Amino acid sequence: MNPKPQNRERQRAAYLITFGCYGSWLHGREGAVDREHNTVGSPTLAEDSTRLCWERSVMTQEPYTLNEARRATTLKGLQEACARRGWTYWRLKVRPSHVHVVVEADRSPELVMSALKACASRTLNKSEHNRKRWGPSREHSVSTERDRNPRDR
């Protein structure tokens, strides 16, 4: 019988996490990206009114934007999420259509993003309910230290 492995301290890593508001990053707009058009320096998507109309038609709510009050509430939720988990945030920027977070954490970038979105939503739920706030996962990005050019470290 093998003994249980010792609880090892998890490796911390820094991530740039970006997530957009519901309906803010629709494919079909000029300059949009998708899985085939997402490499830095590569061409972006051309305008496609048919695709844009389809993207809008499948939306179940109006696009969500973060006004000044919502941005302040979102910022508070993100700060609380980091403090509660012992993560260090280096930069938080809440824009009307998306959020950028540079965070150092001991979890995978996907789990970090999920936790940040959940905490921001819980904080916003105190003043408004039953609302889609964040776009689907295809509209989010995560960059890690390892993604950067080694000369930039």
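The values are calculated or read from the model by the stated rules, or taken from the named source; none is laboratory data. It should be emphasised that the depicted structure is a prediction, and the values quoted were computed from it without experimental measurement. Here Cβ is always computed from backbone atoms with ideal geometry, including for glycine, and neighbour counts include all displayed protein chains.
Name the pairs: first residue in the range 58-81 and in a loop (DSSP other than H, G, I, E, B), second residue basic (K, R), Cβ to Cβ under 6 Å, at least 6 apart or on different chains?
Every condition considered, the pairs that remain are Q61/K132; Y64/R133.
Within the range 33-47, does at least one residue satisfy the condition of being more than 21 Å from K132 (Cα to Cα), out of contact with any Asp or Glu (no Cβ under 7 Å at 6 or more places or on another chain), in contact (Cβ under 8 Å) with a residue 12 or more places away in the chain and of a type in the set (S, T, N, Q)?
Checked the range 33-47: at least one residue is more than 21 Å from K132 (Cα to Cα), out of contact with any Asp or Glu (no Cβ under 7 Å at 6 or more places or on another chain), in contact (Cβ under 8 Å) with a residue 12 or more places away in the chain and of a type in the set (S, T, N, Q).
Modelled with pLDDT of 80 or more, touching a Leu at 6+ places or on another chain (Cβ under 8 Å) and buried (at least 17 other Cβ atoms within 10 Å of the Cβ): does that describe L66?
No; evaluated as a whole, the condition is false for this residue.
Every residue, every condition in (1) over 26 Å from A115 (Cβ atoms); (2) modelled with pLDDT under 90; (3) out of contact with any helix residue (DSSP H, G or I) (no Cβ under 7 Å at 6 or more places or on another chain); (4) among the aliphatic types (A, V, I, L, M), yes or no:
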position: R10; (1), (2), (3), (4): no, yes, yes, no
position: M59; (1), (2), (3), (4): no, yes, yes, yes
position: T73; (1), (2), (3), (4): no, no, no, no
position: P96; (1), (2), (3), (4): no, no, yes, no
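Among the residues of the range 88-97, is there at least one that is buried (at least 16 other Cβ atoms within 10 Å of the Cβ), β-branched (V, I, T) and closer than 30 Å to N130 by Cβ?
Yes, that holds for at least one residue.
Identify all residues within the range 12-25 that are in a loop (DSSP other than H, G, I, E, B) and within 15 Å of the chain's Cα centre (by Cα); write none if there are none.
Y22, G23, S24, W25
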